[in-house]
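Okay, so here's the structure we're looking at.
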Amino acid sequence: MAKLTINKELCKGCGLCVTACPKGVLGVSDKDTNGKGYYVVEEVDAAACIGCAFCATMCPDCVITVEK
């Protein structure tokens, strides 16, 4: 199983990574915000992650890292 790391303080919650994920691993939180007030991305189904790193590639701010 792959491990995702999301730097939530730099995330602006654009959701591009959510759209890019083929397995539905990510979602934009409706509760968790960062210091700038953005609703951040979080893992909703970590076990489904296949480590493709589409999310990290799509992120315009490079806040996601994927480790296999």
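A few points about this structure:
- The Cα-based radius of gyration and maximum Cα-Cα distance (Dmax) for segment 1-47 are 10.4, 31 Å.
- Accessible surface computed residue by residue for the chain, with neighbouring protein chains in place and a 1.4 Å probe, gives 62 Å² per residue.
- Extending 7 Å from Cα along the Cβ direction at Ile50 and again at Asp30 yields two label points whose distance is 2.8 nm.
- Cβ-placed point charges (K, R +1; D, E -1), dipole of the chain about Cα centre in debye, nearest 20: 100 debye
- Using C-alpha pairs under 8 Å with a sequence gap of at least 6, the mean separation divided by the residue count of the chain gives a relative contact order of 45 percent.
- Within the accessible area of the chain, the carbon and sulfur atoms contribute 54%, probe 1.4 Å, all protein chains present.
- Derived scalar couplings ³J(HN,Hα) [segment 3-19; Karplus, 6.51 cos²θ - 1.76 cosθ + 1.60; whole Hz; x for Gly, Pro]: 10, 9, 10, 10, 7, 5, 5, 9, 6, 10, x, 5, x, 4, 5, 4, 5
- Ordered by 1.4 Å accessible area with all protein chains kept, Lys68, Lys23, Lys36 run largest first as Lys68, Lys36, Lys23.
- Shown for the chain: cysteine residues without a partner Cβ closer than 4.7 Å, namely Cys11, Cys14, Cys21, Cys49, Cys52, Cys59, Cys62.
The values are calculated or read from the model by the stated rules, or taken from the named source; none is laboratory data. Small disclaimer: the values here were computed from a predicted structure and weren't measured. All Cβ positions, glycine included, derive from the backbone under ideal geometry; neighbour counts span all protein chains shown. These area figures cover heavy atoms from the full protein model, side chains too; ligands, DNA and RNA do not enter into them. Shrake-Rupley method; radii C 1.70, N 1.55, O 1.52, S 1.80 Å.
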